[in-house]
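Structure first, then comments.
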Amino acid sequence: MTQSNDAASSNAMWGGRFAEGPDAIMEAINASIGFDKRMARQDITGSRAHAAMLAAQGIISDTDAEAIREGLLTVLSEIETGTFEFSTKLEDIHMNVEARLTALIGAPAGRLHTARSRNDQVALDFRMWVRDQADAAIDALSALCKALVAQAEAGAEWVMPGFTHLQTAQPVTWGHHMLAYVEMFSRDLTRFADARERMNECPLGAAALAGTSFPIDREMTANELGFDRPAANSLDAVSDRDFALEFLSCASITAMHLSRLSEELVIWSSAQFRFVQLSDKWTTGSSIMPQKKNPDAAELMRAKIGRIFGAQVALTMVMKGLPLTYSKDMQEDKEQVFDAADNLMLSLAAMTGMVSDMQANVPSLEAAASSGFSTATDLADWLVRALDMPFREAHHVTGTLVKMAEDKGCDLPDLTLEDMQAVHGAITTDVFTVLGVHNSVASRTAYGGTAPVNVRAQVKRWQGIYA
């Protein structure tokens with residue numbers, strides 16, 4: 001039976017094992033070039049390092065290695081300039097690159113795959129791609145934290161309501177609120193850095209699953225590719241996707257923090273709050289209501305986190321039932337990671353832009369901070385300090401005074417001394433020194449508190465980190 005030209009070309013990489021080409025449906029389900037071409041730079045970088053090592057070990061000639069390395073640069077140039085023709089018949093980025101290299105330099109290209117497999121090749125490419133994304137996330141988080149620190153510095157003394165249950169709780173400073181997110185995003189940054197350190201082991205040289213009998217130098221390729229060390233177990237090296245799962249875990253926690261801040265920006269920019277004004281860059285209008293200025297960027301960010309969360313669940317489900325080592329299921333490990341990384345980077349850039357541009361409405365913040373009996377805790381604390389009252393009794397007295405103010409339609413500072421003494425006769429005029437919102441925030445000087453002096457100290461600390 002004579003093999004067709006199409007079948008012959010589609011089976012060129014497989015040698016003589018298969019007599020017929022794949023069915024069209026099988027070709028469609030088997031091909032990954034539609035998405036894994038994003039790893040072209042990593043694939044070519046890894047192959048160039050592999051060729052150099054093969055020559056250094058005397059496994060291939062220096063002449064062939066040089067032809068391979070120069071040919072791969074040509075392939076990369078074609079890909080980056082958009083002239084490269086990808087083929088689904090060649091399945092993935094690895095075979096597409098190798099086929100084009102063969103067309104460019106001929107027989108020497110056939111020596112490139114010595115002492116390696118697509119299993120360790122894809123493990124390398126994907127790990128390098130994820131490592132690059134971790135670096136990008138670290139840089140983006142640093143930029144976001146810098147923008148938040150700038151807001152904190154500007155608003156170290158601005159008072160605003162702090163909430164629990166979205167109900168006014170106690171006055172805090174704008175700077176303190178901004179720094180809360182610096183703490184969150186800084187932890188996210190260190191999570192990515194920690195994950196990056198853990199993923200920085202080179203799988204190249206594990207070959208299909210058992211290693212290779214060729215006298216390769218895995219330390220050389222690991223060093224060349226910026227890894228700390230070669231992966232120590234060939235079975236684990238080709239089957240591990242922990243690095244991608246950990247990246248998604250870090251991305252998910254970061255996305256959750258982005259969504260929380262997005263939600264606050266949506267609430268704060270509403271007509272009911274008027275805490276902030278977002279710039280025109282990050283808002284849109286309405287097709288029918290000319291007064292509208294919608295915080296669409298923040299709303300979209302809240303939605304995008306679902307895709308990032310979903311990616312983590314999807315990859316976990318792919319990996320959960322796989323025996324060692326490689327199974328074709330693992331081809332489904334990339335699309336969701338690519339999508340999650342794209343949405344994470346887009347969201348981080350958008351949030352950095354919104355935070356940098358937003359304008360706080362200081363009078364609205366202060367008016368809101370002064371409402372809702374926000375200094376009730378300050379009153380209770382004063383009763384404990386000044387009158388040596390047990391806190392539970394002070395809590396009860398304060399609650400009675402809050403009820404009195406509510407009935408009178410005023411706030412606590414508006415009650416007269418006589419009103420207060422009607423509840424507890426030992427109260428003195430000194431109580432009014434703690435009832436203003438500025439007095440309240442200024443008194444919270446314990447480490448981690450909202451006092452402006454604390455905010456400025458923390459701003460200085462963070463500026464040293466995010467210079």
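Any read-out appearing in this document is the output of simple, stated calculations on the displayed coordinates, not a laboratory observation. As the structure is a computational prediction, the values presented were derived from the model and not from experiment. As a convention, Cβ positions derive from the backbone with ideal geometry for all residues, glycine included, and neighbour counts pool all protein chains shown.
For the chain, how many pairs of lysine residues have a Cα-Cα distance under 16 Å, where the two are 8 or more positions apart or belong to different chains?
Values: K37/K89; K37/K334; K146/K460; K281/K292; K281/K293; K320/K328; K320/K334.
Counting lysine pairs in the chain gives 7.
Could you sort 159-165, 334-340, 23-29 so that the peptide with the highest average Cβ count within 10 Å comes first and the rest follow in order?
Listed from highest to lowest mean packing, they are 334-340, 159-165, 23-29.
According to the Kirkwood expression over distinct Cα-Cα pairs, how big is the hydrodynamic radius of the stretch 167-322, in Å?
Details: mean 1/r = 0.0514 Å⁻¹.
One decimal place: 19.5 Å for the Kirkwood radius.
Rounded to the nearest 0.05, what FRET efficiency is calculated for C410 and D194 with R0 set to 41 Å and r the Cβ-Cβ distance?
Details: r = 52 Å, r/R0 = 1.28.
The pair C410/D194 has a calculated efficiency of 0.20.
If packing is taken as the average number of other Cβ atoms within 10 Å across a peptide's residues, how do 301-310, 57-66, 141-150 rank, most packed first?
On the way: 301-310: 18.4, 57-66: 15.5, 141-150: 22.6.
By packing density, highest mean first, the sequence is 141-150, 301-310, 57-66.
Please sort by residue number the GluC sites (Glu not before Pro) in the stretch 67-158 whose DSSP state is loop and whose Cβ has at most 11 other Cβ atoms within 10 Å. Could you put the intermediate results ahead of the total?
Details: sites: E70, E78, E80, E85, E91, E98, E153, E157; in loops: E85, E91, E157.
Here the GluC sites (Glu not before Pro) that fit, given the DSSP loop and packing criteria, are E85.
Hey, what D do you get for the stretch 24-111 in µm²/s if you plug the Kirkwood alpha-carbon radius into Stokes-Einstein at 20 °C and 1.002 mPa s? Could the numbers behind the result be given before it?
Working: Rh = 13.4 Å.
It diffuses with D of about 160 µm²/s by this estimate.
By how many degrees, 0 to 90 and rounded to 10, does the Cα axis of helix 174-199 deviate from the longest principal axis of the chain?
Roughly 20 degrees, rounded to the nearest 10.
Return P(r) of the stretch 212-303 (all Cα-Cα pairs; 10 Å bins starting at 0; whole %; ordered from short to long distances).
Using 10 Å bins, I get a P(r) of 13, 27, 16, 13, 14, 12, 4, 0 for the stretch 212-303.
What are the ³J(HN,Hα) values, in whole Hz, obtained from phi via the Karplus relation 6.51 cos²θ - 1.76 cosθ + 1.60 with θ = phi - 60°, for each residue of the stretch 229-237 in sequence order, with x given for Gly and Pro?
These are the phi-based 3J(HN,Hα) values: 6, x, 5, 7, 10, 5, 5, 5, 4 Hz.
In Å and on Cα atoms, what radius of gyration and Dmax does the chain show?
In order Rg, Dmax, the Cα atoms of the chain give 30.9, 108 Å.
Looking at A405, I427, A369, which one has the Cα that reaches farthest to the positive end of the dipole of the stretch 368-459 (charges on Cβ: Lys, Arg +1; Asp, Glu -1)?
The one lying farthest along the dipole's positive direction is A369.
Charges only on Cβ, +1 for Lys and Arg, -1 for Asp and Glu: so what's the dipole of the stretch 23-95 about the Cα centre, in debye to the nearest 20? Mind dumping the intermediate values first?
Values: 6 positive and 13 negative charges, 46 e Å.
Charge dipole of the stretch 23-95: 220 debye, to the nearest 20.
As I understand it, the dipole of the chain uses +1 on the Cβ of Lys and Arg and -1 on the Cβ of Asp and Glu, about the Cα centre. Which of G205, M319, F84 lies farthest toward its positive end?
The one lying farthest along the dipole's positive direction is M319.
For the stretch 91-181, what is the per residue volume of the convex hull drawn over the alpha-carbon atoms, in cubic angstrom?
Convex hull volume per residue, Cα atoms: 163 Å³.
Against the longest principal axis of the chain, how steep is helix 242-268, in degrees 0 to 90 to the nearest 10, with axes from Cα atoms?
30 degrees
Angle, helix 40-56 long axis vs. longest principal axis of the chain, Cα atoms, 0 to 90°, nearest 10?
50 degrees
Take every Cα-Cα pair in the stretch 250-402 and report what % of them are more than 19 Å apart. Please list the in-between numbers first.
Details: 7907 of 11628 pairs.
Cα-Cα pairs in the stretch 250-402 separated by more than 19 Å: 68 percent.
Let me know the shape class of the stretch 313-358, please: from the alpha-carbon gyration tensor, a ≥ b ≥ c as square roots of the eigenvalues, rounded when a/c is under 1.5, otherwise prolate if a/b is greater than b/c, or oblate. Before the final figure, lay out the partial values.
On the way: a/c = 5.87, a/b = 4.04, b/c = 1.45.
In terms of gyration-tensor shape, prolate.
Please report how far the C-alpha centroid of the stretch 198-255 lies from that of the stretch 343-398, rounded to the nearest whole angstrom.
That distance is 48 Å.
Starting at 0 and stepping by 10 Å, how many percent of the alpha carbon pairs of the stretch 370-466 end up in each bin?
16, 42, 24, 12, 6, 0
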